[in-house]
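Shown next, in structure tokens, is the structure this report addresses.
Where a number appears in this text, it was derived from the coordinates with a stated rule and is not lab data. The shown structure was predicted, so the numbers you read here are calculated from the model rather than taken from an experiment. Glycine gets a Cβ as well: all are built from the backbone with ideal geometry, and neighbour counts include every protein chain shown.
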Amino acid sequence: MGKNQEERKTPVIVVKKRRTFSPPSLSEKTDIIAPVFTEQTAESAPAGINSSAVETHIPEAPARKKKKKRHRFPRPSHWTREYTHECVEKIKALFPHLRAEGGGFIPLKIGISNDISAFLAEHPETELTMDEWLCAVSCITSRRVYLQRTAVAGVPRYGLDGHPKGQVSDSEAQSAGRRL
């Protein structure tokens, strides 16, 4: 028994790693890589082995880069679909002049949330809270129709009174275009 235990050797575990190939840079890439099969390689290969399979190695495709996720601010948990719909309906009722003819809303001026806080302080009888305003505005400004309207530089932006208060800048138009 002692002899059998001494003769046993511990097993060797071999782990093969997968090679990753990076594509050559554009300055190095001059020709298309193709397998070369000549008579000389066919003669030198032993019988039974396909020399073209031995000679050529097809590199694996490089892994695709993951797209960066846009970091949006986290939406509060109470901003449900129903709550957002109620908030947008309140904005439609309180400020009908901010509605566009074809549906949706016209581009809002930069800093309109400061104006709404002053409006709410002056008119406490309105049944609108700042949280409801922010919920509605985040919904309105992320809609496709609104982004299409703000994707054109030079389009006027409007304040709470419905009068023009600035224009869409080039960088804002580009940002809206990227979000589309």
Exercise for the section: Using amide H atoms built 1.01 Å from N in the peptide plane, name the residues 5+ places from ARG157, or on other chains, whose amide H lies under 5 Å from its own. Expected result: LYS165, GLY166, GLN167, VAL168
Completion exercise
Fewest to most Cβ atoms within 10 Å: PHE95, PHE105 sort as PHE95, PHE105
Exercise for the section: Just grab the label-to-label distance for GLN148 and SER169, each label 7 Å out from Cα along the Cβ direction, in nm (one decimal). Expected result: 2.6 nm
Exercise for the section: Mind checking the full-extension length gain between SER117 and ASP161? Use 0.36 nm per residue of separation minus the Cα-Cα distance, one decimal, nm. Expected result: 14.4 nm
Exercise for the section: Taking H placed 1.01 Å from N in the peptide plane, check which residues at least 5 places from ALA100 or on another chain put their amide H under 5 Å from its amide H. Expected result: PHE105, ILE106
Fill in the blank from the handout: Under the Karplus relation with 6.51, -1.76 and 1.60 and θ = phi - 60°, whole-Hz ³J(HN,Hα) for region 123-129, x at Gly and Pro, equal 10, x, 6, 5, 8, 9, 9
Practice task
Measure off 7 Å from each Cα along the Cα-to-Cβ vector at VAL14 and GLU101, then give the distance between these two points in nanometres to one decimal.
Solution key: 7.8 nm
Fill in the blank from the handout: Once amide hydrogens are built 1.01 Å from N within the peptide plane, the residues lying 5 or more places from ARG143 or on another chain with amide H under 5 Å from its amide H are none
Fill in the blank from the handout: Least to most buried among GLU172, GLU7, by other C-beta atoms within 10 Å and fewest first, runs GLU7, GLU172
Problem - For region 96-109, Karplus couplings with θ = phi - 60° (6.51, -1.76, 1.60), whole Hz, Gly/Pro x - result: x, 6, 8, 7, 8, 5, x, x, x, 10, 7, x, 8, 5
